[in-house]
1. Is there a residue in the stretch 47-68 that is at pLDDT 95 or above, under 13 Å from the mean Cα position of the chain (by Cα) and in a strand (DSSP E or B)?
2. Taking THR33, is it among the β-branched types (Val, Ile, Thr), farther than 17 Å from TYR127 by Cβ, free of Cβ contacts under 8 Å to residues at least 40 places away in the same chain and surrounded by 13 or more Cβ atoms within 10 Å (Cβ to Cβ)?
3. Report yes if some residue within the stretch 125-144 is surrounded by fewer than 16 Cβ atoms within 10 Å (Cβ to Cβ), assigned to a strand (DSSP E or B) and in contact (Cβ under 8 Å) with a residue 12 or more places away in the chain; otherwise report no.
4. List, please: which pairs have Cβ atoms under 7 Å, are six or more places apart or on different chains, and start with a residue in the stretch 1-26 that is at positive phi and end with one that is modelled with pLDDT of 95 or more and crowded, with 16+ Cβ neighbours inside 10 Å?
5. Filter the stretch 58-103 for residues that are loosely packed, with under 13 Cβ neighbours inside 10 Å and polar (S, T, N, Q) and give the result.
6. Yes or no: ASP35 outside any helix (DSSP H, G or I) and closer than 19 Å to TRP111 by Cβ?
7. Of all residues being assigned to a strand (DSSP E or B) and not hydrophobic (A, V, I, L, M, F, W, C) in the stretch 100-122, which is farthest from ALA7 (Cα to Cα)? Just the residue, please.
8. Which of (1) at pLDDT 95 or above; (2) out of contact with any strand residue (DSSP E or B) (no Cβ under 9 Å at 6 or more places or on another chain); (3) not acidic (Asp, Glu) does PRO2 not meet, given it meets every other one?
Amino acid sequence: MPQLTRADLKSIALKTVDAWQRHDIGTLLALHTSDAVVESPMYSTRRGLAEIEESYRALFKSFPDMTFSNEGILIDPPQVAIFIKVGGTHMDDFFGLPGTNRHFDMLTVTWVQVDENGLITHERRVYDFTGVLLQVGVLRAKPAKP
């Protein structure tokens, strides 16, 4: 089987960001292998489509207005790093905290490993989860002492 091209990998990255932006869980799951692994500061390590789906449902329920915009893509076949600007408003339960109606913004990097069929086998998300918790009011920051 021929290796995926850079254009193929860019297309997969763009489809992923588009599906996140539309909160299209079906498309997001279809981009992964059945035994894919997703690592995330927010939802820990998820293995297989059922666990990955559960994390998407919880995320989009907590932040129903969540937005995603592509800030850049780096390709090193068969890997892709997607730089994404994310924002949303905490409107429903989030780790036991009822909605605060507080908005958050963050930059993320999502690294994906893709198999020869163009499906994501491993995804690792890197972002400042503590910053999100501070912005939505789960944590409170103490000012630094001079």
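The values are calculated or read from the model by the stated rules, or taken from the named source; none is laboratory data. None of the values given here were measured: they were computed from a predicted structure. Virtual Cβ from ideal backbone geometry, glycine too; neighbours counted across all protein chains shown.
1. Yes: one or more hits.
2. Details: among the β-branched types (Val, Ile, Thr): yes; farther than 17 Å from TYR127 by Cβ: yes; free of Cβ contacts under 8 Å to residues at least 40 places away in the same chain: no; surrounded by 13 or more Cβ atoms within 10 Å (Cβ to Cβ): yes.
So THR33 fails the test.
3. Yes, some residue in the stretch 125-144 is surrounded by fewer than 16 Cβ atoms within 10 Å (Cβ to Cβ), assigned to a strand (DSSP E or B) and in contact (Cβ under 8 Å) with a residue 12 or more places away in the chain.
4. Sorted first by the residue in the stretch 1-26, then by its partner, the pairs are HIS23/PHE60.
5. Passing the criteria: SER69, ASN101.
6. Values: outside any helix (DSSP H, G or I): yes; closer than 19 Å to TRP111 by Cβ: yes.
Yes; evaluated as a whole, the condition is true for this residue.
7. Narrowing the stretch 100-122 to residues assigned to a strand (DSSP E or B): 103-114, 120-122.
Filter once more, so that each one left must be not hydrophobic (A, V, I, L, M, F, W, C): 103, 105, 108, 110, 113, 121-122.
Working: HIS103: 35, ASP105: 29, THR108: 22, THR110: 18, GLN113: 15, THR121: 18, HIS122: 19 Å.
The selected residue is HIS103.
8. Going through the list (1) at pLDDT 95 or above; (2) out of contact with any strand residue (DSSP E or B) (no Cβ under 9 Å at 6 or more places or on another chain); (3) not acidic (Asp, Glu), PRO2 breaks only (1).
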